[in-house]
Amino acid sequence: MIKNSSSNHLGINAPSRNHANDDLLLSRSSIFLLFLSSLAAQGESPAELQREIVLNPDPHSEETAYAQIRKSFGKKSIESPDLFAGNHQNFTHIQIRDDHEAGGCFDFFLHRDLDGDRNKEWPLGKSRQRNEIKGYGGSDEGLKATEGQVTRYTWLFRVNEGMTLTQKFCHFFQLKAVGGNDIATPLFTISGSRSGERDQLELRLQTSDHASWQRIPVCDWKVCQNQWLSCEIIVRFHEEGYLRARIESRDGSISFMKEFPEIDTWREGSEFVRSKWGIYRSLEDRESILQKEDVVSFSQFRIQEWSKLSSVPSLKRQE
């Protein structure tokens, strides 16, 4: 579902949620609304919501998961193995399920020994596999962040119990530039990885020279498994940009927030930055992936374009 707005003020009329089980995000959203409302009362105009894209899986619809995703993200937004010749085609890799906590959710399946990366052949020792949804050139403009744009991404996700990590990458969310000469590496990811002897959920950001990763631990890997996490990423896309990441669990065992002011979130020559959700992982350390099938679930996608960032960095957490 795509909404365009030039007059909706978050501090006055927040977009209504259309899912009865949205309580995982309710508390944080209420704080966001109250803060911006207080700014308005003090004479500072709140940021304006310019555009919004919502994707809430409906388990009671006759439409398939793929059909529902394409309605919001576009016809070519899905990169699941069964959609590519020569890949694992006798299995539907994104399915809809009615979850007792999150309501409708998408289950993203990945099979260690059967799935590949679209129709791409990687060199020996560099193999990887992918099951993702994304913004792309044909998507609505709300999924294509341009220079100077302020975007807020929120969603829920859950990793199945027993999923194991490797020394290599396993991304669940990516922000990646399209166009220009510096597009091979994502700008930012939420990933699972082994760091030394510790398996962890982590943030990854490109360093200032774009040559390596800055890795920020979020939580121990076992802590985040088998529970719904609510995620919020706010970005101003600019060479002197801003990024804030918040990841929280419902039971309070995970409560992570970190700001990155004056961070480079734009690449010279880029057309836009797109978001990607799903599982994208390396198979270089295949023996460390113990299960033949892993599942990561997602729900309640919301991508919002805002008119400005001025009020966002000063937002303080209220207990």
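General observations
- Qualifying positions in region 224-242 - in a strand (DSSP E or B) and within 15 Å of the chain's Cα centre (by Cα): 229, 230, 231, 232, 233, 234, 235
- Of all residues in region 265-294, exactly one satisfies the criterion of being assigned to a strand (DSSP E or B) and surrounded by fewer than 19 Cβ atoms within 10 Å (Cβ to Cβ), namely 293.
- Subset of region 248-269 [modelled with pLDDT under 95 and among the small types (Gly, Ala, Ser)]: 252, 253, 269
- Of all residues in region 101-142, those satisfying the criterion of being assigned to a strand (DSSP E or B), of a type outside the set (D, E, K, R) and farther than 19 Å from residue 167 by Cα are 103, 104, 105, 106, 108, 109, 131, 133.
- Taking the conditions (1) aliphatic (A, V, I, L, M); (2) within 17 Å of the chain's Cα centre (by Cα); (3) not in a strand (DSSP E or B) in turn, residue 184 satisfies each one other than (2).
- When the residues of region 80-90 are filtered to those that are part of a loop (DSSP other than H, G, I, E, B) and touching a strand residue (DSSP E or B) at 6+ places or on another chain (Cβ under 7 Å), the one that is surrounded by the most Cβ atoms within 10 Å (Cβ to Cβ) is 80.
- Restricting attention to region 243-264, the residues being open to solvent by less than 10 Å² (accessible area, probe 1.4 Å) and part of a loop (DSSP other than H, G, I, E, B) number 1.
- Condition met for residue 156 (open to solvent by 40 Å² or more (accessible area, probe 1.4 Å) and among the aliphatic types (A, V, I, L, M)): no
- Residue 77 vs. criteria at pLDDT 95 or above, touching a strand residue (DSSP E or B) at 6+ places or on another chain (Cβ under 8 Å) and farther than 22 Å from residue 160 by Cα: yes
- Failed condition for residue 204, given (1) in a strand (DSSP E or B); (2) touching a His at 6+ places or on another chain (Cβ under 9 Å); (3) open to solvent by 30 Å² or more (accessible area, probe 1.4 Å): (3)
- Given (1) over 25 Å from residue 65 (Cα atoms); (2) at pLDDT 95 or above, number of the condition residue 285 does not satisfy: (2)
- Criterion violated by residue 125 - all others in (1) of a type in the set (Gly, Ala, Ser); (2) without any contact (Cβ under 8 Å) to a residue 60 or more places away in the chain; (3) open to solvent by 10 Å² or more (accessible area, probe 1.4 Å) satisfied: (2)
The values are calculated or read from the model by the stated rules, or taken from the named source; none is laboratory data. Being a predicted model, the structure only gives us computed values, none of them experimental. Because the Cβ atoms are built from the backbone with ideal geometry, glycine has one as well, and the counts that use them run over all protein chains shown. Surface areas here come from the heavy atoms of the whole protein model, side chains and all, with no ligands, DNA or RNA. Shrake-Rupley method; radii C 1.70, N 1.55, O 1.52, S 1.80 Å.
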